[in-house]
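Structure first, then comments.
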Amino acid sequence: MTLDRRLFLRTATAGGAVLALGAQGTAPAAAAPGGFPDYRYVRTLLKPGQLSYNPTGEIIFPCIRGVYDKLSNPLGRYYLYYAPHDAPGGICLAYGNSLEGPFTEYKANPIVSNNWSPHYKVSHVSSPHVLWNADARELWLYFHGENNTTRLARSKDGITFTYDRTVLTTAMLPAGSREASYARVFRHDLPSRGAKYVMLFMWNQANDHRDIGWGWSADGRNWTFSQQPLIDHAAVGAVNVSGPHLLTRNGSAYVVYHTDKGSGGDIRITEVGMDFSRRNHLGVFYNSGSAAPESGRAAAPSFGTDGGVPYMIYEAGERLSGAIAVARG
């Protein structure tokens, strides 16, 4: 029997050698690189065809947030943000009381549209990432529209947002940059840079390959951006990488991100260290399954814990024709 390439990467990284296959052709359970949980698919949570707001037949980029201990009288314990990508896009909300679902679509989606006068009028808005800003006691929404611009809006209830500002454009990056989008922002101290927040984003450079870029900020509003990729697509053997998320464990920091389907369609992991000085590429964090709904692609992960159990909520399936799914660690 020939080992699947993605399975080889994962098992070799986790244990230093290829693990023996079981009777059903599957590898024994093992921890993911970095000692993280070994996430396993549970079910789909949202499918475009089941949604009332469904302008394009596709949804992407989930962001899960526990709001039960942050907001007064929330609709549910958890808010799940997502969006279509293609025009007109639209930032959407679903809510539920368990990370395994079910989630109920908010009746007045989209909560942010592609036309927000007088601030902007664009073809689409997408890729919502919501940060609980404890200093402001607000939910801060980072989203893109167009693909070369990342914006910030702020909310007291997670539903009604006030526009704040543009936080990233390709003009802040080297000449020839095409896209600066799919950003996620995290509370993470970088004392040497005077920063309390880190932004990770997809950066399409002049060579038309997508890398992971990064920046740092003292307040989450005013940013400085590295002029070099944090994770270069070529360094991990991919054509494109995107959908970055920051995780910390055992005194170190890691970035997880996905590759294009042609490069494996898996979620990878790189250790960057608490000061972001390392580039230790650890291989496959989550191996996309060949069967539906993943069909060889898992992407854009967001993470949460429910009752002490870790979960990953992510895109499952072909880009722009998949679903939002949940895996349990």
If you take the charge dipole of the chain about its Cα centre, with +1 on Lys and Arg Cβ and -1 on Asp and Glu Cβ, which of GLY265, LEU173, ASN73 is farthest toward its positive end? ASN73
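Give me the percent of the accessible area of segment 165-299 that comes from carbon and sulfur atoms, probe 1.4 Å, all protein chains in place. Provide the component values of the computation, followed by the final result.
Working: 2230 of 4800 Å².
So the carbon and sulfur contribution to the accessible surface is 46 percent.
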Two-site label geometry, ASP232 and ARG77: point separation in nm, points 7 Å out along Cα→Cβ: 4.5 nm
Using the 2.2 N^0.38 Å rule of thumb for compact globular proteins, work out how segment 230-281 stacks up: its C-alpha Rg over that value, please. 1.10
Once the whole set of protein chains is in place, how much accessible area is left on ASP157, using a 1.4 Å probe, in Å² to the nearest 10? 60 Å²
Which residues make up the longest stretch of the chain that has no trypsin sites (Lys or Arg not before Pro) in a DSSP loop with at most 11 other Cβ atoms within 10 Å? 138-329
For segment 170-329, Rg(Cα) over 2.2 N^0.38 Å is 1.02
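Multiply the residue separation of THR166 and SER123 by 0.36 nm, subtract the distance between their alpha-carbon atoms, and state the gained length in nm to one decimal.
Roughly 13.9 nm would be gained on extension.
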Label model pair GLN50, SER252: point-to-point distance (7 angstrom along the Cα→beta-carbon line) in nm is 3.8 nm
If each DSSP helix of 4+ residues adds -39,500 (n - 2.57) and the sum is divided by the residues in the chain, what number results at 222 nm, nearest 500 deg cm²/dmol? -1000 deg cm²/dmol
With every protein chain present, what accessible area does SER98 have (1.4 Å probe, heavy atoms only), rounded to the nearest 10 Å²? 30 Å²
Quick one: net charge around ARG328, please, counting Lys, Arg +1 and Asp, Glu -1 for every other residue with C-beta under 12 Å from its C-beta. -1
At 0.692 mPa s and 37 °C, Stokes diffusion of segment 267-309 via Kirkwood alpha-carbon radius, µm² per second: 261 µm²/s
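Accessible area per residue of the chain at 1.4 Å probe, in Å²?
39 Å²
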The answer for ARG43, listing residues at least 5 apart or on another chain whose modeled amide H is closer than 5 Å to its amide H, is VAL326
How charged is the neighbourhood of ILE59? Take every other residue with its Cβ under 9 Å from the Cβ of ILE59, and add Lys/Arg as +1 and Asp/Glu as -1. -1
If you wrap segment 31-95's Cα atoms in a convex hull and average its projection over all directions, what's the area in nm²? 6.4 nm²
Got a sec? Which residues in segment 296-322 would a label at VAL42 touch, if it sits 7 Å along Cα→Cβ and we count backbone N under 20 Å? 298-317
Evaluate the charge dipole of segment 263-329 about its Cα centre and quote only its size in Debye, nearest 20, assuming +1 on the Cβ of each Lys and Arg and -1 on the Cβ of each Asp and Glu. 120 debye
Cβ-defined net charge surrounding GLY213, 13 Å radius [Lys, Arg +1; Asp, Glu -1]: 0
If a/c stays under 1.5 just call it rounded; otherwise compare a/b with b/c (prolate if a/b is bigger, oblate if not). Do that for segment 131-250, with a ≥ b ≥ c from the square roots of the Cα gyration tensor eigenvalues. prolate
Cα extents of the chain along the three principal axes, largest first, in whole Å? 61, 42, 35
For segment 82-234, with +1 on Lys and Arg beta carbons and -1 on Asp and Glu, the positive-most of TYR197, ALA218, GLY89 along the dipole: ALA218
Using modelled amide H (1.01 Å from N, peptide plane; none on Pro or chain starts), what sits under 5 Å from the amide H of GLU179, excluding residues fewer than 5 places away? ASN204
Please get the size of the charge dipole for the chain, origin at its Cα centre, with Cβ charges of +1 on Lys and Arg and -1 on Asp and Glu, quoted in debye to the nearest 20. 300 debye
Magnitude of the Cβ-charge dipole of segment 92-190, K/R +1 and D/E -1, about the Cα centre, nearest 20 debye? 200 debye
Filtered pair list for the chain (Lys only, Cα < 27 Å, 8 or more apart or interchain) has a length of 9
Provide the gained length on full extension for the span ALA292 to ASP189, in nm with one decimal, where the gain is 0.36 nm per separating residue minus the Cα-Cα distance. 33.1 nm
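The values are calculated or read from the model by the stated rules, or taken from the named source; none is laboratory data. In this text the structure is predicted, and so the values were computed from the model without any measurement. With ideal geometry, Cβ positions are generated from the backbone for all residues, glycine too; neighbour counts draw on all protein chains shown. Heads up: the accessible areas ignore ligands, DNA and RNA and are worked out on the full protein's heavy atoms, side chains in. Shrake-Rupley method; radii C 1.70, N 1.55, O 1.52, S 1.80 Å.
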